[in-house]
1. Restricted to the stretch 217-252, and to residues that are buried (at least 19 other Cβ atoms within 10 Å of the Cβ), within 18 Å of the chain's Cα centre (by Cα) and polar (S, T, N, Q), which residue is nearest to ALA88 (Cα to Cα)?
2. Looking at ALA81, is it in a helix (DSSP H, G or I) and without any contact (Cβ under 8 Å) to a residue 40 or more places away in the chain?
3. Please find, within the stretch 125-164, the residue that is modelled with the highest pLDDT out of those that are exposed (fewer than 15 other Cβ atoms within 10 Å of the Cβ) and of a type in the set (A, V, I, L, M).
4. Taking the criterion of being buried (at least 19 other Cβ atoms within 10 Å of the Cβ) and either modelled with pLDDT under 90 or under 30 Å from GLY46 (Cβ atoms) (or both), would at least one residue in the stretch 263-273 satisfy it?
5. Report yes if some residue within the stretch 192-207 is small (Gly, Ala, Ser), assigned to a helix (DSSP H, G or I), more than 15 Å from the chain's Cα centre (by Cα) and closer than 26 Å to LEU103 by Cβ; otherwise report no.
6. Can you report the number of residues in the stretch 50-81 which are charged (D, E, K, R) and closer than 28 Å to ALA104 by Cβ?
7. Limited to the stretch 13-36, what total is found for residues that are surrounded by fewer than 24 Cβ atoms within 10 Å (Cβ to Cβ), under 20 Å from GLY251 (Cα atoms) and among the hydrophobic types (A, V, I, L, M, F, W, C)?
8. Residues of the stretch 168-191 being closer than 22 Å to VAL92 by Cα and touching a residue at least 40 places away in the same chain (Cβ under 8 Å), which ones?
Amino acid sequence: MAAYGAALLPMAAFWHRVLRLMGQRPHWWETCCAFWVGQLGKYVPGKAMVVVLRSTLVRSERVDGVAAVISIFVETLTMMALGGLTAAALLVWLSRSTGLILLALGLMLAAGVPVWPPVMRRVLWILRLRRLGVPVDDYLRGLTVRGLAPGWAGVAGSWWLMGLSLWAVIQAMPTAPAPLASLIDWPLLTACTALALVAGFVSLLPGGVLVREYVVMALLASQPRYGPLIAVVSAVLLRLTWMATESLGAGVGYPVLKRWRRQELKRNISSENHDG
């Protein structure tokens with residue numbers, strides 16, 4: 001749970017960075033809390049609830065609603081593209097199946113191409129957002145490779161932390177290999193979680209249910225030191241562990257965000273009364 005929770009922080013930080021690059025001014029706590037609560041939205045069919053929750057919670061006088069929605073797509077698809085790239089690179093290094101490597105590359109392109117700035121501008125032009133008075137050019141002007149690259153590095157590190165989370169889940173089982181022997185497989189476990197999560201996202205099933213578990217089981221079962229039993233149990237335990245972490249984060253994040261907003265409202269009212 002600690003490893004998975006730590007993995008989500010760079011992703012929340014990247015979303016915050018995207019918002020700032022788009023000219024928005026959210027506080028870090030607002031972005032982080034909205035991100036955590038939004039994690040629960042992926043368990044709703046279609047995953048649209050992620051966008052609804054995050055954009056609603058982060059929107060304020062300092063954050064435009066349309067900009068928030070665009071930033072969520074940028075963050076989510078970038079995360080998935082880097083997950084596909086991480087999985088593909090590690091699977092090549094580990095000399096795994098060519099089919100899995102091609103699958104990872106395909107998922108990377110499917111997620112990454114739409115958020116490449118020139119492509120994104122074209123897509124938003126097709127949607128005719130400018131005709132609705134949305135300053136798309138102003139929002140996208142700051143989304144450059146130089147501006148986004150530091151966030152990419154953090155998100156890439158997140159996938160390794162997710163692999164460490166899977167390692168910890170395996171170590172919780174009495175039949176698990178010795179910790180150091182299993183830690184050698186950290187690259188494999190990272191590729192496993194990255195490919196599983198990205199494939200689950202593309203499936204559009206709530207939380208990628210069954211798809212994520214299948215990928216985890218397939219990759220772990222092929223490793224002699226794990227076998228079918230550990231593969232099946234670890235896939236289920238990983239799901240439960242991540243859901244518990246997300247629920248805990250949302251349970252803490254939502255009250256914190258509401259309290260922050262109430263305090264901000266009081267400060268604004270007090271400031272207006274003082275000016276008056």
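1. So the residue we want is THR241.
2. Numbers: in a helix (DSSP H, G or I): yes; without any contact (Cβ under 8 Å) to a residue 40 or more places away in the chain: yes.
Yes: the conditions hold for ALA81.
3. The selected residue is ALA153.
4. Step one: list which residues in the stretch 263-273 are buried (at least 19 other Cβ atoms within 10 Å of the Cβ), which gives none.
Checked against the condition, which is being buried (at least 19 other Cβ atoms within 10 Å of the Cβ) and either modelled with pLDDT under 90 or under 30 Å from GLY46 (Cβ atoms) (or both), the stretch 263-273 yields no hits at all.
5. Within the stretch 192-207, the first condition is being small (Gly, Ala, Ser), and the residues that meet it are 194, 196, 199-200, 203, 207.
With the extra rule that they be assigned to a helix (DSSP H, G or I), the set shrinks to 194, 196, 199-200, 203, 207.
This time we only want the ones that are more than 15 Å from the chain's Cα centre (by Cα), so: 203.
Narrowing the set further to residues that are closer than 26 Å to LEU103 by Cβ leaves 203.
The answer is yes, given that some residue of the stretch 192-207 is small (Gly, Ala, Ser), assigned to a helix (DSSP H, G or I), more than 15 Å from the chain's Cα centre (by Cα) and closer than 26 Å to LEU103 by Cβ.
6. We begin by selecting, within the stretch 50-81, every residue charged (D, E, K, R); these are 54, 59, 61-62, 64, 75.
Okay, now just the ones that are also closer than 28 Å to ALA104 by Cβ, so 54, 75.
Residues meeting the conditions: 2.
7. 4
8. Keep residues of the stretch 168-191 that are closer than 22 Å to VAL92 by Cα, which gives 181-191.
The answer is ALA181, SER182, ASP185, PRO187, LEU188, THR190, ALA191.
The values are calculated or read from the model by the stated rules, or taken from the named source; none is laboratory data. Just so you know, these numbers come straight off a predicted model, no measurement behind them. All Cβ positions, even for glycine, are placed from backbone atoms using ideal geometry, and neighbour counts span all protein chains on display.
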